[in-house]
1. Which of Lys264/Lys307; Lys74/Lys116; Lys50/Lys116; Lys50/Lys185; Lys50/Lys112 have a Cα-Cα distance over 24 Å?
2. Under the rule a/c < 1.5 gives rounded, and otherwise a/b versus b/c splits prolate from oblate, where does the range 176-309 land using the Cα gyration tensor?
3. Return the distance in nm (one decimal) between the two label points of a simple spin-label model at Thr76 and Phe207, each offset 7 Å from Cα along Cα→Cβ.
4. Run the 1.4 Å probe and let me know the accessible area of Val206, rounded to the nearest 10 Å².
5. Take the alpha carbon atoms of the range 269-298, find their center, do the same for the range 79-119, and report the distance between the two centers in whole angstrom.
6. Roll a 1.4 angstrom probe over the protein heavy atoms and tell me the percent of accessible area of the range 206-311 that is carbon or sulfur.
7. How high is the relative contact order of the range 191-311, in percent, with contacts defined as C-alpha pairs under 8 Å that are six or more residues apart?
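The values are calculated or read from the model by the stated rules, or taken from the named source; none is laboratory data. A quick note: this is a predicted structure, and the numbers were derived from the prediction, not measured. Positions of Cβ are backbone-derived with ideal geometry, glycine not excepted, and every protein chain shown enters the neighbour counts. When the accessible area is computed, the model is the full protein with side chains, heavy atoms only, and any ligands, DNA or RNA have been set aside. Shrake-Rupley method; radii C 1.70, N 1.55, O 1.52, S 1.80 Å.
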Amino acid sequence: MTNTTVTLRVNRFAPRPERNRDRGGSPFARKSSPFGSSSEAPARRRPRGKQWTQDYVIEARPEDTVLDCLLTIKRTVDPTLAFRYSCGHGMCGSDAVSINGTPTLLCTATVKDWAKPANTAVQTDDEGFRHTEGADASDEASSLNDTDDANGSSLGVIELAALPGFPVQRDLIADIDPMLDQLKKLKPALQADGVLATTKDGKVDVFEYLQNPDQLAQYERLTNCIACGVCEGSCPVFAGGDAFIGPAALIWSSRFINDSRDTKAAERMDAIDTADGVAACQSVRACSRQCPRGIDVGEEMWQIVAKVRER
Ligand code: SF4
Ligand code: FES
């Protein structure tokens, strides 16, 4: 048992249920998710629903991750709280959220790094809700651990919200399809014409892609990108990917443009030499600050922009 607590202040969101089209809906109405299909990103609508802020006070140690805390809440306090994660150790990129207003990963953020002193006592109603201005009242099931936060053992408050720049789906889960759509459009796989060969019986022949260490160094650091979206959530221009394809898409494009084995560098540069491509990057460099894989995204943006313009 620990004798310290932390308060997780979670921006919650519950989407409005879809209308039942079987009862009264037009048979000719186009069926789609409330977030639109992946092929209609520009027309993507923000889902509507209930929005409120909820405080959870739980026992935690300074070295616990924020993901550990959320799992404790999910298992012991409030099973309705929604968040996404997979690997739990900074490799899959599925758990990017906003912590204290900064995009980062839940599984690598520790309580001691992110808990900040509570300036004021937590104001909650009898059900444990702390309503934001203008938000609808919620009748969602909720519960709040009633651990006393004023007993001097509190490690502080951590504010959580879904990753900025993307539509929120539920609670801490953002719809990152706009980013994945942009990545797919730029063909994020090696294209090497004339290298693949087949044997007489039609099987793929064994072959090697030879590179020297300098050629590998040109792109190796970019292979660390896990498409978490943290850089996109930090970018003031991205905001959903309508006006700018985003730093992650450019990182992936640059990764193959700089790979000596890839034979489509010219086509790849054409694909990002657009108004919503390199021309949209304003060099704000906010994307560099929190990349969990240590990529200096702003510097990489700068280099790929220069490369495209100088050809
Ligand atoms: S460049 Fe870094 S922050 Fe951006 S998507 Fe890749 S891993 Fe995430
Ligand atoms: S859960 Fe995989 S990166 Fe955090």
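1. The pairs that break the limit, which is 24 Å between Cα atoms, are Lys50/Lys116; Lys50/Lys185; Lys50/Lys112.
2. Prolate, since a/c reaches 1.5 and a/b exceeds b/c.
3. 5.7 nm
4. 130 Å²
5. 23 Å
6. Values: 2510 of 5070 Å².
The value for the range 206-311 is 50 percent carbon and sulfur by accessible area.
7. Answer for the range 191-311 is 27 percent.
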